[in-house]
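First up is the structure itself, then whatever we jot down about it.
Bear in mind these aren't lab numbers, they're just calculated from the coordinates by the rules spelled out. This is a predicted model, so every value here is computed, not measured. As a convention, Cβ positions derive from the backbone with ideal geometry for all residues, glycine included, and neighbour counts pool all protein chains shown.
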Amino acid sequence: MDISQRISILRQSVPDNVTVVAVSKTKPIAEMIKAYNAGLRNFGENKAQEIAVKQPQMPSDTIWHFIGHLQTNKVKLIAPFIHLIHSVDSVNLLKEINKEAIKNSRVIDCLLQFYIATEETKFGLDIQESREILDNLSSLNLNNVRVTGVMGMASFSDNLNLIRLEFNSLRFIFELLKTEYFSHSIYFKEISMGMSGDYRIAIEEGSTMVRIGTSIFGEALRNIQK
Ligand SMILES: *Cc1c(COP(=O)(O)O)cnc(C)c1O
């Protein structure tokens, strides 16, 4: 099966109101162009250097997402063009994104990343930590960042009930923060959850944005380059 065939299969199970972010980390530009030509515009990367090298090589209407752990000293590499940073987990990072957004005369959209998995060491906030960030936000005058929603990764597990519970908890967090902090905002609307193995469950649990690598590009390069 080639990339365009995989994308058309994917399309059948993703409603139009859910954004597909093609996760192209480690994939060459030629593969990304195939996905672009099949109609995808949103691409996600998890390394600042890699996305900065790829960005000038892709068509100018490519929409870039950052989905990995972001170090503050790398923000400047992506600030000129990034559309959405999915992985904000500290006030310091938000301050840095704001600073670089000002330099580029931009407002940069961000999601708060939550730790929802019951296993292993994934990055992310809990509710209390997110409240501390959001309590600070208005007094810090970070006018060039906009928090537009939440992101999370479910456990890597065969237990579909567990995965569903974890996605459900992210949906709950989204609704809670919406009520507590964003009830008047039209921008706070994204729930980034779901990957190749679990996006169907994520969509059933309210995902607005799925991040799909393997089901678009196949597995080939991942293991080699890891
Ligand atoms: C790699 C990655 C994905 C895509 O994973 P697949 O299982 O290949 O679809 C999604 N989200 C994040 C944060 C990733 O690092």
Practice item. Work from the charge dipole of the chain (Cβ charges, +1 for Lys and Arg, -1 for Asp and Glu, about the Cα centre) and give the residue of GLN128, MET58, THR179 farthest towards its positive end. Key: MET58
Revision key, fill the gap. A student applying the Cα gyration tensor rule (rounded when a/c is under 1.5; otherwise prolate if a/b is larger than b/c, oblate if not) would label region 3-61 prolate
Check your understanding: Under a plain spin-label model, where a point goes 7 Å from the Cα along Cα-to-Cβ, how far apart in nm are GLU132 and ILE9?
Key -> 4.5
Check your understanding: Hey, any idea what Rg/Rh is for region 125-187, computing Rh the Kirkwood way over Cα pairs?
Key -> 1.05
Check your understanding: Toward the positive end of the charge dipole of the chain, about the Cα centre and with charges on Cβ (Lys, Arg +1; Asp, Glu -1), which of ASN159, ALA79, VAL210 goes farthest?
Key -> ALA79
Revision key, fill the gap. The answer for ASN42, listing residues at least 5 apart or on another chain whose modeled amide H is closer than 5 Å to its amide H, is ALA22, ILE63
**Study point:** Sum of side-chain charges, GLU96 neighbourhood, beta-carbon under 13 Å (Lys, Arg +1; Asp, Glu -1)
**Key:** +3
Study note, to complete from the structure: The ³J(HN,Hα) series, computed from each phi in region 141-149 with the Karplus coefficients 6.51, -1.76 and 1.60 at θ = phi - 60°, rounded to the nearest Hz and given as x for glycine or proline, is 6, 7, 7, 9, 10, 9, 7, 10, x
Practice item. Compute from the Cα atoms of the chain the Rg and the Dmax, the latter being the longest Cα-Cα distance, and quote both in angstrom. Key: 16.9, 52
Review point. Taking the alpha carbon gyration tensor of region 143-226, what are the square roots of 5 times its eigenvalues, largest first, to the nearest whole Å?
Key: 27, 17, 10
Revision key, fill the gap. Of the DSSP H helices in the chain, the ones reaching 24 Å or more along their long axis in Cα terms and averaging at least -0.5 in Kyte-Doolittle hydropathy are 160-181
Exercise for review: Quick one: which residues, 5 or more positions from VAL145 or on another chain, have an amide H under 5 Å from its amide H? H modelled 1.01 Å from N in the peptide plane, none for Pro or chain starts.
Suggested key: ILE108
Study note, to complete from the structure: Descending packing, highest mean Cβ count within 10 Å first, for 180-186, 43-49, 60-66 is 43-49, 60-66, 180-186
**Study point:** Sum of -39500 (n - 2.57) over DSSP H runs of 4+, divided by residues of the chain (222 nm, nearest 500)
**Key:** -12500 deg cm²/dmol
Review point. Going by how many other Cβ atoms sit within 10 Å of their own, how do VAL14, VAL107, VAL21, VAL75 line up, fewest first?
Key: VAL107, VAL14, VAL75, VAL21
Study note, to complete from the structure: Measuring from its Cα centre, the chain shows a charge dipole (+1 at each Lys and Arg Cβ, -1 at each Asp and Glu Cβ) which, in debye to the nearest 20, is 780
